[in-house]
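For reference, the structure discussed in these notes is given below.
The values are calculated or read from the model by the stated rules, or taken from the named source; none is laboratory data. Computed from a predicted model, the values in this text were never measured in an experiment. Note that each Cβ is placed from the backbone with ideal geometry, even for glycine, and that neighbours are counted across all protein chains shown. In case anyone asks, the SASA skips ligands and DNA or RNA and just uses the protein heavy atoms, side chains included. Shrake-Rupley method; radii C 1.70, N 1.55, O 1.52, S 1.80 Å.
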Amino acid sequence: MIHEHKHILPFFIPHLGCPHQCVFCNQHHVSGESGYPKAEDIEKAIHDWEEESLPEIAFYGGSFSGLPLDWQRYFLTPAFAALKKKKISGIRISTRPDYINASILLFLRSMGVGTIELGVQSLDDEVLERSGRGHRAQDVYQAISLLKEKGFQIGVQLMPGLPGDNREKCLRGAREISRLGPDLARIYPTLVLKETPLHKLFLEGKYHPLSLDEAVGISRDMLAVFCLSGVHVIRIGLQPTREIQTGVQVAAGPFHPAFGELVESALAREQIQMMVKGFLARETAAQIVLWVSPRDCSIIAGQHRRNMEFLKKFFHLDRIKIMGRSDLERGTVGISRMDGDGPDWTISQNQFLREFVALMAN
Ligand code: SF4
C-alpha cells in the first residue's frame with residue numbers, strides 16, 4: 001500500500017544546479033513553479049503552517065547537492081534554524097546519484113538534512129544512456145552505500161517507460177533496489193512533457209510511451225516487490241498540478257489524476273482473485289462476501305467497482321458484497337459465503353505478496 005507523506009512542506013528549485021538535460025525533464029513544468037524560493041518565503045511558510053503535526057521541509061527539483069555550497073547554505077539556513085527550534089520535523093532534499101560524495105554528505109548533515117531522495121530512474125545502463133541521464137547504474141550503488149554508511153534516510157525515484165525500457169528491466173530494477181534497502185520509493189511512469197527532447201522523439205515516432213494499462217501493470221508489480229521487501233512507496237504517478245491536470249503540459253503518456261489508486265486497486269484485484277479462486281475450489285457458491293478493513297473497502301472495490309465487475313464475470317458469480325471489519329488488519333482479505341457472519345479464511349497482504357512476487361519471477 002502507498003504510505004503517502006502528508007506533512008511535507010515542499011519548495012521547488014527547478015533545474016538549478018543541473019547542467020544535464022534528461023530527455024523527459026522540464027523541471028519548470030513538473031514543479032508548476034518557475035521561480036526560486038527566497039529565505040523569507042521559507043521562513044514565512046514555516047511560520048504559517050497550521051496543521052498540528054510539524055512539517056518536514058523538502059527541496060525538490062533540480063539537483064540540490066550540485067548547487068554551489070553558498071546556494072545550498074542559503075536555502076538550508078532558515079530550515080535548519082527552524083529545525084533547531086523544533087518548528088519542523090526534518091529536512092529532505094532530492095538530487096542525482098552522481099552528486100553524492102562524502103564531503104557533500106558531511107556538509108548536508110551539518111545543515112540538518114536527514115533524508116536524501118535520489119533520482120535513480122532506472123538501473124539499466126542502456127536506458128540511462130538513451131534518457132540522457134549522464135550517470136550509470138554504478139553511481140546509484142555507490143550513492144546508496146555511502147548514504148547508508150552515513151546514516152541518512154534514503155528515497156529513490158524510478159521512472160518506468162523511459163526510452164529502451166521494458167517490463168523485465170523495470171522489475172529487475174525494483175528487485176535490485178529492494179536488495180539495496182532504501183527507506184522510501186516513488187514510482188513515476190514516464191510522461192511526455194511538452195518542450196522536452198522526449199516530446200521531439202515522440203513527434204518523430206521514435207518514442208512510444210506506455211499505455212495507461214501497461215503503466216498500471218508495471219507499477220503494480222514494482223509496488224508488490226517494494227511492499228514485500230519493506231520499502232515504503234510514498235507516491236505513484238505525478239502529482240496532478242493544475243497545468244498537468246488540464247493537459248497543458250502533458251503531450252502523451254499514461255497520465256491519470258488518480259494513478260496511484262488505480263495501481264493499488266490493480267494489486268488488490270490480484271489478491272482477491274487469488275482468494276476467490278482458492279475458495280471456489282473448495283466450495284460451490286454464486287454469492288460471496290469479501291471481508292476487509294473498513295479503510296480498504298474502496299481500494300478492494302476498485303474505481304467504479306471495476307474489480308467487482310471483473311470478478312463477477314471471471315468467476316460467474318451473481319453477487320459480491322464487501323464488508324468492513326475493524327478487527328482485520330489493513331491489507332488482509334477474508335472470504336465467506338453470503339450467509340457467513342465472518343470470514344471463513346483470510347490472506348494477509350504479506351502472504352499474498354510472497355506468492356504473487358514468486359509467481360512473477362517464473
Ligand atoms: S538531472 Fe534532474 S533536473 Fe537535471 S535534467 Fe535530469 S531530471 Fe532534470
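Annotations for the structure displayed:
- Counting only residues that are of a type outside the set (S, T, N, Q) and not in a helix (DSSP H, G or I), segment 304-362 holds 28 of them.
- Leu108 vs. criteria crowded, with 20+ Cβ neighbours inside 10 Å and not in a loop (DSSP other than H, G, I, E, B): yes
- The combined condition, being over 24 Å from Pro257 (Cα atoms) and more than 14 Å from the ligand (Cβ to nearest atom), is fulfilled by Leu180.
- Hits in segment 191-229 - residues which are among the small types (Gly, Ala, Ser) and open to solvent by 40 Å² or more (accessible area, probe 1.4 Å): Gly205, Ser211, Ser229
- Given (1) surrounded by fewer than 21 Cβ atoms within 10 Å (Cβ to Cβ); (2) more than 20 Å from Tyr188 (Cβ to Cβ), index of the condition Asn307 fails: (1)
- Scan of segment 68-91 for residues that are within 16 Å of the ligand (Cβ to nearest atom), touching a residue at least 40 places away in the same chain (Cβ under 8 Å) and open to solvent by less than 10 Å² (accessible area, probe 1.4 Å), ordered by number: Phe75
- Out of Leu180, Leu158, Leu146, one residue alone is surrounded by 15 or more Cβ atoms within 10 Å (Cβ to Cβ), within 29 Å of Leu106 (Cβ to Cβ) and more than 18 Å from the chain's Cα centre (by Cα). It is Leu146.
- Selection status of Ile116, more than 15 Å from the ligand (Cβ to nearest atom) and in a strand (DSSP E or B): no
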